[in-house]
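Below is one structure, written out as structure tokens, with a few remarks after it.
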Amino acid sequence: MITRRNFIAGTGAAIVAGVCPPLFGIARADDGYIEISAGPTSRKLYHEDAAASELWLYNQVSPGPEIRARVGERVRVRLVNNLEEPTSIHWHGIRIANDMDGVSGLTQDPVQPGETFEYDFVVPDAGTYWYHAHNKSWNQVARGLYGPLIVDEASPAFPPEHDLTLVIDDWRLSRDGSLDFASLGHLMDWSHGGRFGNYLTVNGESRPEFELIEGHAYRIRLINAANARIFELDPGKYGAKILAFDGQPLPQAEYAVYSPMLLTPAQRMDLLVTAGQDFAIEDLSGNDPYPIATFKVKKGSKPVMGVPKLSPNPISEPDILNARTFTIDMTGGAMGRMVETVYNGKVLSGEDYPRTGQLWAFNGVANLAEDPFFSIKRGESVVLNVINNTAFLHAMHVHGHHFRVIEREGATIDDGQPWRDTFAIGPDQSVKIAFVADNPGKWLFHCHMLEHAAAGMNTWFEIV
Ligand code: C2O
Ligand code: CU
């Protein structure tokens with residue numbers, strides 16, 4: 001049964017021997033490029049007796065290989081497309097030069113089957129990021145095209161064995177345990193909360209178990225790579241503090257100010273845990289808490305270091321008083337208010353909706369129009385006033401910039417307005433975000449519930 005509420009669990013928890021994130025699958029060519037090939041790979045997602053699935057993976061591993069760089073370093077990746085359809089890679093949360101942002105059809109032509117594309121960029125901020133396909137993402141990401149991108153501080157804050165990356169995904173399995181391909185593209189999902197899976201993995205394993213050493217401090221980097229699922233977490237329950245959101249450190253590690261904390265699609269949360277008792281990171285969104293991963297604490301050497309502090313990345317503060325404000329009215333979806341919707345310059349009616357799959361809109365426009373939603377001079381501050389006139393929660397992502405959430409429902413924010421690249425907006429809620437438009441080019445603003453983006457919740461703005 002596909003339910004939104006309960007997961008099926010794999011057989012037996014996998015014990016993750018070392019706690020080092022595996023750097024498997026990375027090959028560096030003679031010219032210094034990391035080679036990442038996107039291609040089909042047959043994989044048993046579920047237990048041994050289950051049917052295999054033809055996934056689409058980077059370098060044949062799920063998640064794709066962890067790319068690690070030092071802050072300020074130049075990263076060069078050669079994407080080889082061994083898929084049967086065009087693709088591109090987006091470096092999520094990296095404040096990147098526009099032509100390297102990897103958005104098929106906006107910042108580059110999609111990379112055709114058999115062709116390659118060279119990404120070459122500098123990583124300006126330390127923190128937890130990820131990369132994923134950005135052409136028909138609702139399909140390509142659901143089939144496995146994503147991986148972690150970790151940017152270390154100039155001198156890494158945590159030693160590697162105390163620095164864990166957990167890439168979380170939910171897969172929709174059919175009865176035989178293989179990936180349910182038939183349901184990809186179901187407009188029923190597109191018009192509701194997106195496509196949910198029923199089988200949860202962390203770094204490709206069901207309910208992995210990690211070993212921690214008593215008294216030692218760990219950084220646990222959570223990355224939500226699911227197409228549409230929102231996790232609900234309560235880090236305070238096991239004494240974890242929050243170090244960072246979406247790559248950007250909080251001024252100091254702190255306990256969550258409310259519970260549950262949402263981890264929407266594409267969001268990241270870095271936790272700080274000083275190992276005391278065994279615990280599980282649980283998803284609280286279902287009927288019962290579901291252990292995403294468990295942690296066993298064993299005795300060992302005395303810790304040699306204290307708890308490291310993360311320093312802020314160089315992001316400019318928006319000038320809110322002099323900012324230009326743009327309002328986005330989000331509409332559509334099941335149980336939503338109907339408005340006249342323009343798609344590709346034409347007003348949609350009746351049969352056009354199922355035919356085009358355009359079920360959501362920003363200011364009455366579904367998906368990317370010819371002209372930008374707004375155009376602004378480099379260096380100006382922007383306030384986006386986002387009004388969710390739909391019956392669903394959404395996870396809104398700005399490309400190329402981090403922003404502060406400055407207002408929710410007319411109330412100022414009580415959590416210190418952390419920098420984010422993706423924010424949650426509840427049904428009938430309004431949220432204001434602010435940032436300095438300091439990165440020239442064409443940037444997307446879209447819902448990261450990938451079915452919603454494909455179905456219209458997608459626009460772009462220009463910085464000139
Ligand atoms: Cu993580 Cu437009 O994407
Ligand atoms: Cu959405």
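Okay, here's what the table says:
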| item | result |
| --- | --- |
| Members of region 221-234 that are crowded, with 23+ Cβ neighbours inside 10 Å and more than 25 Å from Leu184 (Cβ to Cβ) | Arg221, Leu222, Leu233 |
| Residue match in region 192-205 (condition: modelled with pLDDT of 95 or more and part of a loop (DSSP other than H, G, I, E, B)) | yes |
| Of all residues making up region 415-464, the number that are within 13 Å of ligand 2 (Cβ to nearest atom) and not β-branched (Val, Ile, Thr) | 19 |
| Matching option when the condition is under 24 Å from Gln60 (Cβ atoms) and either among the acidic types (Asp, Glu) or surrounded by fewer than 19 Cβ atoms within 10 Å (Cβ to Cβ) (or both), among Asp163, Asp189, Asp176 | Asp176 |
| Residue count, region 247-269 (criterion: aliphatic (A, V, I, L, M), buried (at least 23 other Cβ atoms within 10 Å of the Cβ) and not in a strand (DSSP E or B)) | 1 |
| Selection from region 294-321 of residues that are in a helix (DSSP H, G or I) and loosely packed, with under 12 Cβ neighbours inside 10 Å | Leu321 |
| Answer from Asp176, Asp189 - the residue that is part of a helix (DSSP H, G or I) and among the acidic types (Asp, Glu) | Asp189 |
| Test: Met269 is among the aliphatic types (A, V, I, L, M), without any contact (Cβ under 8 Å) to a residue 40 or more places away in the chain and within 30 Å of Asn139 (Cβ to Cβ) | no |
| Of all residues making up region 75-97, the number that are outside any loop (DSSP other than H, G, I, E, B) and either within 16 Å of ligand 2 (Cβ to nearest atom) or closer than 13 Å to Ile150 by Cα (or both) | 3 |
| Matching residues in region 130-148 - criterion: being within 16 Å of ligand 2 (Cβ to nearest atom) and either within 12 Å of the chain's Cα centre (by Cα) or assigned to a helix (DSSP H, G or I) (or both) | Ser137, Trp138, Val141 |
| Some residue of region 323-330 being within 30 Å of Leu243 (Cα to Cα) and touching an Asp or Glu at 6+ places or on another chain (Cβ under 9 Å) | yes |
| Leading residue by the ranking (farthest from the chain's Cα centre (by Cα)) among those in region 442-464 that are more than 17 Å from Asn135 (Cβ to Cβ) and surrounded by fewer than 21 Cβ atoms within 10 Å (Cβ to Cβ) | Val464 |
| Region 238-262 - residue that is at pLDDT 95 or above and among the charged types (D, E, K, R) and, of those, farthest from Val61 (Cα to Cα) | Lys241 |
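Condition check ((1) in contact with a His (Cβ under 6 Å, 6 or more places away or on another chain); (2) surrounded by 16 or more Cβ atoms within 10 Å (Cβ to Cβ); (3) at pLDDT below 95) across all residues:
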site	(1), (2), (3)
Arg5	no, no, yes
Ala9	no, no, yes
Val16	no, yes, yes
Val19	no, yes, yes
Ala27	no, no, yes
Tyr33	no, yes, yes
Thr41	no, yes, no
Lys44	no, no, yes
Glu66	no, yes, no
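The values are calculated or read from the model by the stated rules, or taken from the named source; none is laboratory data. Note that the structure is a prediction, hence the values are computed from the model and not measured. All Cβ positions, even for glycine, are placed from backbone atoms using ideal geometry, and neighbour counts span all protein chains on display.
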